[in-house]
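**Q** Dumping the structure here so I can ask a few things about it.
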Amino acid sequence: TRVDNPRGLLEESSFATLFPKYREAYLKECWPLVQRALGDFINATLDLIEGSMTVHTTKKTFDPYAILRARDLIKLLARSVPFEQAVRILEDDVACDIIKIGTLVRNRERFVKRRQRLIGPKGSTLKALELLTSCYVMVQGNTVSALGPYSGLKEVRKVVLDTMKNIHPIYNIKTLMIKRELASDPELRTQNWERFLPNFRHKSLSKRKQPKKKTVKKEYTPFPPPQPESKIDKELATGEFFLRESEKRRQKMNEIKAKQAEALTKRQEQRQKAFIPPKEKPAVKKSKPVFSHY
């Protein structure tokens, strides 16, 4: 109050913010109301040529926090919040939060879809969020402006950021509804609410196809693999190397004859199969029907 700070402020503080071209007509219209709301304690100037709004303290200013509230007011007005709502920032226990969502999603089409998901069909999702958090929420361009109590702003920020991370706002709204019910119960107010809150698990719908044959990587060893055995090494191991040429030839011929004999027996067996008679089914005698004579 004036009693707490009778001498006013030593230095002049000022804040400026730019506004988009489409807000010019509205700001021009409502600027007298903004000046009336700020009073003699904060000076507000609207520069239409530069496209900026400036607020600065005067000699009559005694509340050092008033300039910060005025800064938030012009920020909200620049972000398309109507004056009737933005002026509430000058009240106590009302704060604001401007959430930047433009850089959270790379793909523009995906960003537009998720932003629309936050608003919902005919603005129903946004309305539900406003009722549960007691905040005013305005989605405009690349930002979301929220105005209300601190606890509500915290919840709004969480819902907005989760929506941009591809978590549907309906899940958070459901959790907020349960929390509201639990807060109204005097017995449960002091207890842990974890058991009541739903645990929404993320379902991965498209699973990557696994390869049919999986190759298991062998353990890395700095040593090279052993050298494969040559033909001479194999002959030395079996003892063939020390045999004479005639004996080697005889041994090869014996192997060839053994293979031929095996192939011949297989061929004969295959031919004999045609002469084996098939098994006949046992003949079942049909019983003749007995006619009774009356």
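The values are calculated or read from the model by the stated rules, or taken from the named source; none is laboratory data. Computed from a prediction, not measured in an experiment: that's the story for all the values here. Reconstructed Cβ throughout: ideal geometry from the backbone, glycine too, with neighbour counts over all protein chains shown. SASA here: full protein model, heavy atoms, side chains in, ligands and nucleic acids out. Shrake-Rupley method; radii C 1.70, N 1.55, O 1.52, S 1.80 Å.
**Q** Go through the stretch 15-60 and report how many residues are within 41 Å of the chain's Cα centre (by Cα), assigned to a strand (DSSP E or B) and surrounded by 13 or more Cβ atoms within 10 Å (Cβ to Cβ).
**A** 7
**Q** Something else about it: Where residues in the stretch 70-108 are basic (K, R) and in a loop (DSSP other than H, G, I, E, B), which of them is most open to solvent (accessible area, probe 1.4 Å)?
**A** If we take residues in the stretch 70-108 being basic (K, R) and in a loop (DSSP other than H, G, I, E, B), then R106 is most open to solvent (accessible area, probe 1.4 Å).
**Q** Among the residues of the stretch 109-121, is any open to solvent by less than 90 Å² (accessible area, probe 1.4 Å), within 24 Å of R201 (Cβ to Cβ), touching a strand residue (DSSP E or B) at 6+ places or on another chain (Cβ under 9 Å) and assigned to a helix (DSSP H, G or I)?
**A** Yes, there is a match, as at least one residue in the stretch 109-121 is open to solvent by less than 90 Å² (accessible area, probe 1.4 Å), within 24 Å of R201 (Cβ to Cβ), touching a strand residue (DSSP E or B) at 6+ places or on another chain (Cβ under 9 Å) and assigned to a helix (DSSP H, G or I).
**Q** Suppose we filter T190, T221, T215 for residues that are open to solvent by less than 90 Å² (accessible area, probe 1.4 Å), assigned to a loop (DSSP other than H, G, I, E, B) and farther than 30 Å from N166 by Cβ; which single one remains?
**A** T221 is the lone residue from the list that is open to solvent by less than 90 Å² (accessible area, probe 1.4 Å), assigned to a loop (DSSP other than H, G, I, E, B) and farther than 30 Å from N166 by Cβ.
**Q** Where the second residue is among the aliphatic types (A, V, I, L, M) and assigned to a loop (DSSP other than H, G, I, E, B) and the first is within 27 Å of L104 (Cα to Cα) and lies in the stretch 166-193, which pairs have Cβ atoms under 9 Å and are six or more apart or on separate chains?
**A** If the second residue must be among the aliphatic types (A, V, I, L, M) and assigned to a loop (DSSP other than H, G, I, E, B), the pairs left are N166/V105; T175/L197.
**Q** Then there is this: Name every residue in the stretch 134-176 that is of a type in the set (S, T, N, Q) and either farther than 13 Å from R115 by Cβ or within 18 Å of the chain's Cα centre (by Cα) (or both), in order of residue number.
**A** S134, S145, S151, T163, N166, N172, T175
**Q** In addition: Can you pull out every residue in the stretch 122-140 that is surrounded by 15 or more Cβ atoms within 10 Å (Cβ to Cβ) and touching a helix residue (DSSP H, G or I) at 6+ places or on another chain (Cβ under 7 Å)?
**A** Hits for the stretch 122-140 are T125, L126, A128, L129, L132, T133, C135, Y136, V137, V139.
**Q** Is at least one residue of the stretch 64-81 at pLDDT below 95 and more than 27 Å from S134 (Cα to Cα)?
**A** Within the stretch 64-81, one or more residues are at pLDDT below 95 and more than 27 Å from S134 (Cα to Cα).
**Q** Scan (1) surrounded by 14 or more Cβ atoms within 10 Å (Cβ to Cβ); (2) part of a helix (DSSP H, G or I) for the single condition R180 breaks and write down its number.
**A** It fails just one condition, (1).
**Q** If you don't mind, there's one more thing I want to ask. Pairs, please: C-beta under 7 Å, at least 6 apart or cross-chain, first residue of a type in the set (D, E, K, R) and in the stretch 104-122, second not in a loop (DSSP other than H, G, I, E, B)?
**A** Sorted first by the residue in the stretch 104-122, then by its partner, the pairs are R114/T163; R114/M164; R115/V139; R117/T163; R117/P169.
**Q** Let me ask something else about it. If I ask for residues that are surrounded by fewer than 15 Cβ atoms within 10 Å (Cβ to Cβ) and of a type in the set (G, A, S), which ones from the stretch 141-177 would you list?
**A** G141, S151
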